[in-house]
Structures are given as C-alpha cells and as structure tokens.
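Worksheet for the structure shown next.
The values are calculated or read from the model by the stated rules, or taken from the named source; none is laboratory data. For clarity, every value in this text was computed on a predicted model and none was experimentally measured. Positions of Cβ are backbone-derived with ideal geometry, glycine not excepted, and every protein chain shown enters the neighbour counts. Please note that ligands, DNA and RNA were not included when accessible areas were found on the heavy atoms of the full protein model with its side chains. Shrake-Rupley method; radii C 1.70, N 1.55, O 1.52, S 1.80 Å.
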Amino acid sequence: MCLSLDKLLALSIALPLAIGSILLFHRFIPSTLSKTLAILGFTLPLGAALYLAWQYQAQDAFLTYAFYSTYPIGIEGLGIRLSLGLNAIALPLFVLTALVGCSGGIYTLFSKQTDSRLFEGLLLIIIGGILGAFASVDIFFMYFLHEIALIPTFILMGIWGFGGRRGAAIELTVYLSLGAFIALVGFIALYVFSHCPSFNIIDLGLHLQALPLKTSDQTLIAGLLLLGLGILVSLFPFYSWAPRAYTTAPAALAMMHAGVLKKFGLYALIQVGLRFIPLGLAVYTPYLVGLGLANILFIGFVTLAQRDFKFMAAYSSIMHMGYCFLGLACFGLPGLQELAVGGVLILMLGHGLTVGLLFLLADMILYRTHTTDMPSMGGLCQKTPVLSAFFVAAIFASIGLPGFVNFWGEFTIFLAVWAYNPYICALAALGIIISAIYGLRSIASIFFGPAKGASLEHFHTIQDLRCFERVATLLLLVALLLLGCFPKMLFHFPSTFHNTSLKPSASSLP
Amino acid sequence: MHAVFTSLAYSNHWVLLWPELSFVVLGLLLLVLGCFQKVTHSGLCIVSAFALLGQLALVLAFSMGGFLQEALPAVPNFAGLVLHSPTGDTLRLFFMLTSLAISVLALPYLKNRLLARAEFYSLLVFVSAGLMLLVQSQHCILFFVTLEFVTLGFYILISYASSDVFSLEAGLKYLILGAFTSCLLLLGIALLYGLATTPAFIQGDGLYFADLGQFLQNYGSHPMAQLAVVCIVLGLGFKLGAFPFQLWVPDVYQGAPTPVTAFLATASKAGGFVALMNLLFGPFAAMACTLKPLLSWVAILTLTLASITALTQRNMKRFLGLSGLSHTAYLILGLVAAYDLPEIKTALLFYLFAYSIGSFLVFGCLSYLGKNTEDNLLALEGLDTLHQRSPFLSAMLTVGLGSLAGAPPFIGFVAKFFIFIALFKAKLYTLLIFGIFGAVLSIYYYFTWIRKLYFSTAPQDTVEKLSLCRGYGAYLLLLALLTVLWICLPLSFSTSMFQP
C-alpha cells in the first residue's frame, strides 16, 4: 500500500467530512458528480476501516495505539493536538461506525423519500465526526468531534423527521448538550487535577502512572463523567429523550444515533474512565449496578407495553445499555477486567449493528404499510419473504441468540456479573426473556398470521426488498453473522489490550 | 520646570500613533468627499468605495508594519498617557478589522436608504480611532475623554436613521442612560482624584493609572476608595450591558440601524471590556477583595437575566442584544477567574474575537434581510422558509448562530471551553455551574432560531428566491470559514496559557 496506515486513518476521517461539506454546496456542482461523491463518501471509509482492521492484527502488540499520527494545531499551549490512532477498544467501534454509516447512507441515497444532497452531506459530516471521535487519542478532540453531530442532527431531524419532529429535535439537542457539557466539565476536572500539561491519553497515562490521582479527585471526576456520559447513553433515569428522538428521526439518522453515537459515552468511560479513574468508578459500582438493572428490567417492561414498532426498538436499545453498564460496573473485580470490558465492547458492537438493522427494517416496513403500529399489521411475509427473513434474523440477533455477535457480548457480561453477585446476574438474565417476548411478538404481529389492517390495505402494492435495501441490510447482517460465528476475530482484542493499553493506574481491589 | 516640560515634550512620539491619526485623517477626507458627492446612488457608491479601500489599505499597512511582536516591551508615550504594548497593538488591529467589517456590513443597509453616507463612514472611523486610543490609555482623563468620544459617536450613529421613530427613540434612551453612567464614572474618578492627590501620597498628578495603583495598594481598604472603585466599575459596565445597566440593550439594539447595532455589539462591547480589564489589573489590582464578589454577582445576574429574557424574544435584534448579554457575562466570569490566573487575559481577548466573528456573520445576514423592509421589525417569522428562499443565507446564519451558541465545531465553543477551564482551575465551581447552565440555555434559544430557518417548508412554487450579491456573499463566506477553520489560526497565545 503506497499510503502509510496512519495517513489512511486520517484520510478515512477527513474524507466524509470534506465530501459532506462539499455536498452542502450541491447547487453548484452537477448532480451526477454529487451523487458519485456521496457514494464515495459512504463506501470509502468502510473500505479503509476494514483494511485497517485487517492490518491491525499485524501490528506490534506492545504499542498502545496503532496507526498513530499527530497534527499540531494552534492551541499547543493547552496540550491539545489532533492525535489520531486506534487501539483495541477503538477499532471495533471505528468499524461499526463505518458499517452503519455506509448502510444508512446507501439506503438514503437510493430511496426516493429522502433523496437530497443536503441530507447526505449532513449525514457524512456526522459519520466523519464520530469516526474521528473514536480514532482520537486526544480527549478534547474526542469530545469535539463527537459534538460536531449536534447541528447536523438538529437540521436533519427538523426537515426530514416524522411527526412531532420539531419538539423532538430541540429536546434532543438540549438534553444531549446538557450531558455533553457535564461530561466536558468531567474531562476538564481530569485535566486540572492531574496537573498534566496535555489532553493526550498516552501522556496522561504516563503522567498518572507516576503520580496517580487522589481517590477524592477520582470520585468527583467519575461522578461528573458518569452523569454526563450516562445522559448521552440513556442511563436510567436520563433516558426520556431517546424514544421520541429515535422514532421521529429519519432512518439513517436514527441508525447513527442509536447505533453509534450512543456508544460514544460508554467508549469514553472505558477509554478514559477505567484507565485513569478506576478507584473513582469503583465507588459508584453499587449505583451503576442498580441503575443498569433498572435499565434492563424497568425499561424492559416498558418495551413490552409498546404497540409501535419504532418505539419498541427505541426502548429496547435503552434496555440493552443496561447490560453494558452492568459490565462496566464489574470492572473493579480482580481478574475479570478484560472479561467485563471485552464483553461490553462486543455487546456495543453487536448492539450497534442490531439496532441499526432494526431501525432500517422499520423504515422499510413503514414505506410499505405506511404505519409502524404492530397490532394493525399482519401477514406481511406473504408478500415480503426476504424482508421477513431479515427481520427475524435481526430480532434474534437482538435477543442474543448464539450465532450472532450479541450472544458473545451478553454471555461474557453475564460471566462477569455472576462473579460479582449471582442474584444480580439472575435478574439481568431475565432481560433476555423480556427481549424474547417482545421480539417474537413483534415478528408475529407484523409478519405472520392473516393479512389485516394496514397490510391488507396496501397488500397489492407491497413489494419485497429492492436491490439497494438488500445491500444495506446485508452489510449489517453479514457482519453480525460473521462475527457471531467467528468471534476469534473480536476476542483477539481483549487479550491484546490486557497486555498493553488497559493498565489501570491503580487497582480497585478493596 | 523647564526641564520637566522639555522631557515631557520629547516623549511625544506622534508617529507611534499613526494608526489612530490615519483613521482620523481618513474620516476627515470622507467628510470632504461627501461635500462634493450628490446624495444619489452612484455618488454614494464612490464614498463607500473610498471608505472601504482606505480602511483596507490601513489594515494591511498596520499588519505588515511589524508592530505585533511579542518581544517588544511596552512603550509609554505622551508623558505616560498612552502605553503601546503588544496587546494594545493586537487590539488596534482588532478595532481596525471591526471597522472594516462593519463598513462592508453597512452596504446593503445604506444602499436602499438615501441617507448621507459620508458622515456614517467618517463617524465609524472616528469612533474606531477613539476605541483604539481607549484601550491604550493609562491616564484617567484620556480614558474618560476617549470613552466619551466613543459614546458621543454612538449617540449620533444610533439615531442615524433620523426619519425612523425607533432610531430616534433608541438614541434618546442611549443618551440618557449613557449620560447617567458617565456621571457615575466621573464621580468615581473624581473621588479617587480627591483621595489620592495629596503630596503625602503621590508626587504629582493623581490621575495616572500607575499612581492610582500605588495609592490603592496602600489605602485601598478606605470606604471612600472602595466606593470610588465600585462607581467606576459599574459605570464602565454600562458599555458592556452588565447588570444593573442592561435595560438599554434591547431597545437600543432594536432601534439602531443594523450596522450600528453590529458595531455596538462588537466594538463598543470590546472597547468597554478591555478598558475594564486594563483598570482591574492595572490600578485596581489591589482591590480584589471588593471587586471579585462584585463582579461575580454582576456576572451571575447578567447571565440569568440574559438567558431568561432571551428565551421569549421574537424580534431578531432585541434577541441578539439580550443573548449578547450572556456573552458579556462569560467575559466577566473570565475576569473573575483572571485574578487567580493572569494568563487567561489572552483567552478573554480570544473570546471577544470569536464572539465578534459570530456576530458579524449573524448581523451580516440580518443586514441583508432587512435591506428593503423596516429593519427594526425584523422578527422571527421573517426567517420562515429561508432555507428555501436562500440556502446560502440560511447556512451562514446557522454557522453564525451556532458559533454564538457555543456549539462545536465552531470557534465560539473553543472560546467557551477556555473560560470553563479557567473557571475550574481558579476553583470557582459555583460560577462554573452557572456557566454550564448558561451554555445549555444559550444552545436552546439560539437553536430555536435555527429551527425557524429550516423546519418549515412551503410548496416549491410559492417560494420566491432571494439573490445575494456575490461580493457580499464572499464576505459572509470568509467569516463562516474563519468560524470553522479556527484550527488553522495561529493561536500562539495559548503557549503561555494554563501552564500547570
């Protein structure tokens, strides 16, 4: 490869941002060129991400960050540099972003409902931003690139959203800004208390290994980060923004938000929190466990009560975050660190793919029956067997059936939680039963049984999946299956980072 | 005595004041030119062109003049009345650029109204010269004179549209409240003079900042001295719109012609702020125990008032005035933090710069939108379906409003970020909490405006397109690029900031 890998990483982030910005001026470029640019913008990062993932195994295992590069910018004095790199925690999420982004982008490009260059341009900016956030080694840029998605989300939701979008857009923006600012204060606190002249994670790590933070400082930082990032990840009780936001957002935006942007909070907690403030986080373990269980059980029962499929998918995504928080809370136990975090990582990847798939399929169903109200549909599989097959696969993946990657994530997390407290593990496992109930019920209501209601109304015009819809769905489904059947590809990462990158600066052994 | 006079006379290096002098000369030339131009469209164009090109030439000459070097020590001039320093030179460039930006901004406004243009531009240029002197003054009299000169210029500029009732009313309100606060300021100066100027305390004129600083170090705890200092600070707060002198802001911002509102929002606020900063960390440096609580309360109250009142505003210019008060509050919060972290002063100048760029962008779009209509009635409803009428203008407005809101990736966010770091480092946690809530609220009310821009769609055929002059569009685009590409700016001031 004539291009060095770190430049490839930087390019794969810069490209969607650049093309997105160009597409904002789509009136000045010919329409075929803009469509080609859009396609390139969605697919090239995916290619680059997969290539980097393939190359990652060949890297020196002792390097914390692979493909590392630094670009000095003006504000050197604060220790802020644009440093890019991927480590074992960032790489799966980087690939996830590229996959979900590409899938959503292809769906948007070819479906007539949202065929607008402005839409694709803003979506590309979101994708570029979050790709950069996962690849950033500098905490400021991690936050900054994630927040680039704020204004594009607002505009996308407002113009192309579904009913109630105006209120939902402003509610989402304000709620997420609140969480983001609180998390920002947490990051500032980490920077100030550590007396480290840099926001770079590697520098902070070296600095804090020599001089770890006091427990009281760690507790304060951990509290701020958990509150702020918890709002971003819809931890109980800060979840009320999520259902309205995901249901009113257009398909590709919902996929990006529920599938990728939500994972950022957990990613930051693992990458920054568990590395630098493990003692602080350990103080909050009982609360995290309690709130995680509330996510699983409380939100699980709320999901059971939903009639609308999109609301069901939205609440189920909040519910699955509960598993991730349980895994995060169990990090403090000796010997289980890589197990818990590895499980969370795998579940994040799997959940991102699954929920992206669910929202994509929801939009396809909506396009055909013009409703997502489950009781008023039925018998759809008579006309759309391929869609039914994909839907069944997606629901089973979300439940955690072996063969899909979610299983490995949930299984690993349950192993860790069992070691913490068997009763908590039993309660958490109830969540699987709950998701099975609502998942299977949704399949039955929408696809099986006699055709009635909306399905009957549009019965003759309903067609099975078109080519681009199949491509978009298969991108996600194949990834789910492949990683589910060959988890060795993913399990390589946890053992790698156990050796090198995830050395907590202090053990949280009591 | 003769020796004293001679030495003072030899300190009059007029050439060091060439930026201010050249601006004054440009203003006078504009007035002369205006005598010979008829009040017709083409005549006015010549005046505008002359004004713009003259300012551009001066800006280029100044920035290439090699004044902006970090290594130069401060040079006192005119017997210590004026102090030329690198910071002062940066601010001179800032005010020159502001004046240039406002001149461009004024073009759509002036084009459709046959107002005398030469006076407008010459006033603009005079006021800028006054501002440049204000931030370099080290003597109370020069300080007061330049401040009042600027205010006087604004009295005229605000009522410039003399056939418009709103404009006249705004001018009157600014005059009355401005005169009152000038009296307050002068009372403070007179009190300090009265206290300080006795041979026991000071050898010579008790109005130099350095002498006052020395006096206050020794006798700052005297109640009269504290009263004087509080009077001066509050009087100066009028220009910033700080509590308790914030009542004029919505009415004056609405009534004044849009370019003058922009000038008020950026240059006047910047001038007042830098003057306050020079005072606080110059002569009043010893008064920290009085001023820190005072400024904290002023900042909190201004922020609360600004956030609450801006939430319900439907008129664009009133809204920008009230939301601009929240920026004033952040600047004052930064001042409070600067008592413990002296390095943050450059970050505050950066905040001024970021705020100005965002303001120019927003006011630039408003100036264009209001060019044909009554621009003081520009309401939220006027932004409806703008994204269909003019996608470019709505994109520029979005960038400007986003930058003012402090949303990433714009320069406004970075400026707020510096202030948050400073507040945390200075352990001002309560103020930080207020700052965070203010930031979230500002995102809410600025985004309400972006919502108006984009969220309503009318059928394609009922939409009439707005066409934008290319040059003006390029000006807006340049500002928008500055907002986004702040990464490429040489923010070398940060090398000295926040060293642990």
Karplus-derived HN-Hα couplings along region B:377-394 (A = 6.51, B = -1.76, C = 1.60, θ = phi - 60°), whole Hz, x at Gly and Pro:
10, 4, 10, 4, 5, x, 8, 4, 6, 5, 5, 8, 6, 8, x, 5, 5, 5
If each residue of separation counts as 0.36 nm, what is the full-extension length gain between A:Arg466 and A:Phe25 once their alpha-carbon separation is subtracted?
155.8 nm
Using a 1.4 Å probe on protein heavy atoms, which residues of region B:421-460 have at least 40 Å² less accessible area in the complex than alone?
B:Ile421, B:Phe424, B:Ile436, B:Val440, B:Ile443, B:Tyr444, B:Phe447, B:Arg451, B:Tyr454, B:Phe455
Can you give me the long-range amide H partners of B:His84? Hydrogens built in the peptide plane at 1.01 Å from N, cutoff under 5 Å, separation of 5 or more residues or another chain.
B:Val75, B:Asn77
Please compare each pair in A:Lys262/B:Lys452; B:Lys292/B:Lys416; B:Lys317/B:Lys371; B:Lys292/B:Lys425; B:Lys111/B:Lys239; B:Lys173/B:Lys292 to a cut-off of 24 Å on the Cα-Cα distance and tell me which ones are over it.
A:Lys262/B:Lys452; B:Lys111/B:Lys239; B:Lys173/B:Lys292
Work out, step by step, the length gained on full extension between B:Gln217 and B:Leu301: first 0.36 nm times the residue separation, then minus their alpha carbon distance; give nm to one decimal.
27.3 nm
Interchain or long-range residues, amide H under 5 Å from A:Asp308's placed H
A:Met374
Using amide H atoms built 1.01 Å from N in the peptide plane, name the residues 5+ places from A:Ser83, or on other chains, whose amide H lies under 5 Å from its own.
A:Tyr71, A:Val137, A:Asp138
Over chain B, how many percent of alpha carbon pairs lie in each 10 Å bin up to the one with the longest distance?
4, 19, 31, 27, 14, 4, 1, 0, 0
Could you pull the Cα extents of region A:162-278 along its three principal axes, largest to smallest, in whole Å?
54, 23, 21
Would you kindly calculate the translational diffusion coefficient of region A:346-391, applying Stokes-Einstein with the Kirkwood radius from alpha carbon pairs, for 10 °C and a viscosity of 1.306 mPa s, and quote it in µm² s⁻¹ without decimals?
138 µm²/s
Enumerate by residue number the trypsin sites (Lys or Arg not before Pro) in region B:87-188 meeting two conditions: DSSP loop (anything except H, G, I, E, B), and at most 13 other Cβ atoms within 10 Å of the site's Cβ.
none
Derived scalar couplings ³J(HN,Hα) [region B:473-486; Karplus, 6.51 cos²θ - 1.76 cosθ + 1.60; whole Hz; x for Gly, Pro]
x, 5, 4, 5, 5, 4, 4, 5, 5, 4, 5, 8, 8, 5
Heavy atoms of the protein only, probe of 1.4 Å, neighbouring chains included. What is the accessible area of A:Arg27 in Å², nearest 10?
140 Å²
Projected onto their principal axes, the Cα atoms of the protein assembly as shown stretch, largest extent first, over whole-Å spans of 103, 69, 53
Along the charge dipole of chain B, pointing to its positive end and built from +1/-1 on Cβ of Lys, Arg, Asp and Glu, which listed residue (B:Leu115, B:Ala395, B:Gln138) has its Cα farthest out?
B:Ala395
Surface per residue (accessible, 1.4 Å probe) for region B:238-354, Å²
23 Å²
At most 13 other Cβ within 10 Å, DSSP loop - trypsin sites (Lys or Arg not before Pro), region A:161-261
A:Lys214
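If you take the accessible area of B alone plus A alone and subtract the pair, what total do you get in square angstrom, rounded to 100, with a 1.4 Å probe?
The contact between A and B buries close to 3800 Å².
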Tabulate in residue order the Karplus-calculated ³J(HN,Hα) for region A:131-136, using 6.51 cos²θ - 1.76 cosθ + 1.60 with θ = phi - 60°, rounded to whole Hz; enter x for Gly and Pro.
4, x, 5, 5, 8, 8
Helix-only mean residue ellipticity at 222 nm for chain A, each DSSP H run of n ≥ 4 adding -39500 (n - 2.57), per residue, nearest 500
-23000 deg cm²/dmol
Top positive-direction residue, dipole computed over chain B with Cβ charges, set B:Thr198, B:Ala288, B:Leu56:
B:Leu56
